[in-house]
Every structure is written in C-alpha cells, then in structure tokens.
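Notes for the one structure printed next.
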Amino acid sequence: MKVVAIVGMAGAGKSEVARLLEEHGFEKVRFGDITDEELEKRRLETSEENERYIRQQLRKNHGMAAYAQLNLPRIDKALKSSNVVVDGLYSWEEYILLKEYYGKKFTTVAVCTSPATRYGRLAHRAERVLTMEEADSRDKSEIENINKGGPIAMADFTIVNEASLEELVRETERVLSALK
C-alpha cells in the first residue's frame, strides 16, 4: 500500500489530482478537514481569516507537523484497505513526519501552477473563494510561516497544471503509471 501526498500552493489543482487518484481506488484524506471541523466546533464562519487563525492555533498547540500528526489515525485506518492520497500536505515538518513514519510507502506529487492562473481559479471556485489579495496574502503566509516550499521542492513527481483538465488527467495518469 502507498501514501501519496499532493503538495502545491492554493489553487494549483491539488484537490483535482486527489479526486483523480480517488477514481483509481485511492482513499482520500484531506488535511484541511481538520480546519473545517475546528471551525464547526468553534461555530466560526468559514473565511480565509478564520481558517488562517485555526491553522495557526493548531500549529501553535501541536507543532508545525500538526496536520500530519492529527491525520495519522485517518491515514493508518484508510491504509488498511487501500492506497491513500493525502490532499494538502503543507509544511516541511509534516513532510518529514510522514516520510519517516511511512518510509518507502510515502511519495509526494507537486502540482505547480503560476500565481496568475491560481488566483484566477481561486476567485471562481465553488468553495473557499479567495480574492487576489487574499490569495497573495495566503501565499506569502504559507511560504514564510509554514515552510510550504520544502515539500514542493522535494516532490518525487511534478505536474505542471497550466492547461486543460484533460492535460491534468494525462499528467496524473503518467504519475499513476510510474507509481505501479
């Protein structure tokens, strides 16, 4: 069994790649579900400001590997019956924790997209819409405060997602072929 973590900046297409892996039998564990559950538990509105606050609080309380640590039980449970795709690994510390914990079972796939393309997508997506200013602020925060660049730089595979959905599907299938 394999654990494949999808890494990339907001709007790059991580969730779409995760969905495609799900179609190939992978079970998805979305790290952001922890944030959504915390928002709900605290009865906070879903917004970039509240999401950022929750992410910062979780990392303050559990360390920079918080999301990986908090999701280990979900990943382990899913791994008992299928390969797992992790949607949204963020920090270098999360990457290190998962790499050490799962060893050779662990692979990363970076989805890379230019800021202009990502910001356009983020402004028009169905959920968690971000303005260009919010997206730019989030990019800076994720790069400067949570060490997001490391996992992207160290990815085992890279998918450039600047074209059509069909091209993204082809690139994802190329990665799936290499994983077998």
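Bear in mind that the values in this text are calculations on the coordinates, not laboratory data. Since we're looking at a predicted model, the values are computed, not measured. Reconstructed Cβ throughout: ideal geometry from the backbone, glycine too, with neighbour counts over all protein chains shown.
Relative to one another, the C-alpha centroids of region 26-92 and region 7-21 are positioned 15 Å apart. With contacts taken as Cα pairs under 8 Å at a separation of at least 6 residues, region 3-179 carries a relative contact order of 34 percent. Which loop-located GluC sites (Glu not before Pro) does region 77-180 contain, where loop means any DSSP state but H, G, I, E or B and the Cβ has at most 10 other Cβ atoms within 10 Å? Taking region 77-180 and a limit of 10 other Cβ atoms within 10 Å, the loop GluC sites (Glu not before Pro) found are Glu127.
Extension gain for the segment Ala126 to Asn61, taken as residue separation times 0.36 nm less the Cα-Cα distance, is 20.3 nm to one decimal. When the P(r) of the chain is calculated, the portion above 25 Å amounts to 30% of the C-alpha pairs. Among the DSSP helices (H) of the chain, none spans at least 27 angstrom by Cα along its long axis with an average Kyte-Doolittle hydropathy of -0.5 or more; this is a geometric and hydropathy rule only.
Put in order of Cβ neighbour count within 10 Å, fewest first, the listed residues Ser137, Ser15 become Ser137, Ser15. For Val160, the amide hydrogen comes within under 5 Å of the amide hydrogens of Cys112, counting only partners 5 or more places away or on other chains and with H modelled in the peptide plane. With both residues required to sit in the chain, DSSP beta bridges show an antiparallel share near 0%. Residues Leu97, Leu72 in ascending order of nearby Cβ atoms (within 10 Å, fewest first): Leu72, Leu97. Residues whose amide H comes within less than 5 Å of that of Val84, counting only those at least five positions distant or on another chain, are Lys2, Val3, Val4, Glu27 (H built at 1.01 Å from N in the peptide plane).
Legend: ranking of residues Thr108, Thr158 from fewest to most surrounding C-beta atoms inside 10 Å; resulting order Thr158, Thr108. Among the trypsin sites (Lys or Arg not before Pro) in region 1-98, those located in a DSSP loop and surrounded by at most 15 other Cβ atoms within 10 Å of their own Cβ are Arg42, Arg43, Lys80.
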